[in-house]
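Taking it in order: structure first as structure tokens, then the write-up.
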Amino acid sequence: MILLPLTLGKAAWVLATVVVIVAAGLIYLDDRDPSRYDRMAVDMKTLEEEFKQQNKSCLLLGASGETGKQLLAELLERNIFSKITLIGRRKLAFEGKELENLVQEVVDFEKLDDFAAAFQGHDVAYCCLGTTKAKAGADGFFRVDHDFIVKSAELSKSGGCSQFHLMSSRGADSKSSFLYLKVKGQVEAEIEEMGFNRLAVYRPGVLLVDRQESRPAEWMARKFFGALTSVCSTPMAIPIESVGRAMVSNTLLLQQPEKKATEILEHKDIASLAKGNAK
């Protein structure tokens with residue numbers, strides 16, 4: 001290691017040093033308590049087969065977004081539902097794939113009450129709706145991330161849905177001084193009050209995904225955390241594929257009678273659940 005500075009350029013040496021220091025800091029700051037999924041002894045294949053036999057259907061909100069795309073891909077691959085209904089502003093193209101159990105419902109989120117029928121008759125609901133303040137403004141962000149999500153949850157509940165999966169964010173807190181985290185916390189609380197038989201809230205950290213949109217700062221963050229996670233486990237970032245995998249696996253686990261009505265899966269829980277059920 002003493003010879004390393006002689007073989008690396010100055011810039012590369014500085015970058016390597018920074019990465020090591022930050023990695024050490026993240027490891028030190030990480031929650032040392034193990035995730036409840038770390039040593040989970042569950043046969044997922046058996047759970048999948050049992051779930052399929054129940055002939056359940058689900059709805060998915062936000063399938064056009066990055067998280068929604070990955071979740072849909074995971075749902076289609078594992079094929080645990082007899083019908084999947086996508087609810088969105090527009091129909092999505094699937095490049096000629098024959099998806100007999102896939103239904104698309106186009107709705108106006110500003111007038112969701114007029115489309116209540118689209119939310120009828122589903123057993124499980126997944127919500128991956130979301131935007132940003134930078135993209136939609138403060139009012140637009142609140143309308144999408146609060147109003148649309150809460151209303152969709154209400155319609156899902158009244159339509160017979162018993163299990164709701166909500167994509168939230170690490171640090172969500174209704175008392176936060178940051179608008180994003182405050183709204184996420186408010187939505188979590190309001191949906192919990194609706195009384196779903198099972199509510200699962202997912203709070204991942206930085207999502208590692210190659211977006212089609214050009215966001216320079218976000219791109220740099222993804223590259224940094226992507227490199228970091230290749231060296232060590234970090235409590236800050238997670239591949240988006242892992243989030244989709246964890247959500248589907250948790251759908252199966254929530255069938256177990258001992259599960260709580262509401263469960264919050266923090267970043268480490270999502271990573272652990274996804275890792276334990278990697279294909």
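Throughout, read-outs are computed from the coordinates displayed, never taken from laboratory work. Because the structure is a prediction, the values reported are computed rather than measured. So basically every Cβ, Gly included, is an ideal-geometry build from the backbone, and we count neighbours across all protein chains shown.
Quick notes
- With the simple spin-label model, which puts each label point 7 Å out from Cα in the Cβ direction, the Thr46 to Asp147 separation comes to 4.9 nm.
- Among 241-249, 178-186, the order from most to least packed when residues are scored by Cβ within 10 Å on average: 241-249, 178-186
- Given their separation in residues at 0.36 nm each and the Cα-Cα distance between them, Ala134 and Ser162 gain 6.7 nm when the chain is fully extended.
- Tensor-based shape of the range 31-186 (alpha-carbon gyration tensor, a/c under 1.5 rounded, otherwise prolate or oblate): oblate
- Violating pairs (Cα-Cα greater than 21 angstrom) within the set Lys184/Lys268; Lys157/Lys182; Lys91/Lys157: Lys157/Lys182; Lys91/Lys157
- Linear extension gain, Thr262 paired with Met194, 0.36 nm per residue minus alpha-carbon span: 23.4 nm
- The order of the peptides 57-63, 187-193 by mean Cβ neighbours within 10 Å, most packed first, is 57-63, 187-193.
- With K and R counted +1 and D and E -1, the other residues having a Cβ less than 9 Å from that of Gly244 yield a net charge of 0.
- Computed label-point distance, nm, for sites Gln104 and Gln53 using a 7 Å Cα→Cβ extension: 3.5
- Taking 0.36 nm per residue of separation and subtracting the Cα-Cα distance, full extension of the segment from Leu92 to Ser177 would add 26.9 nm.
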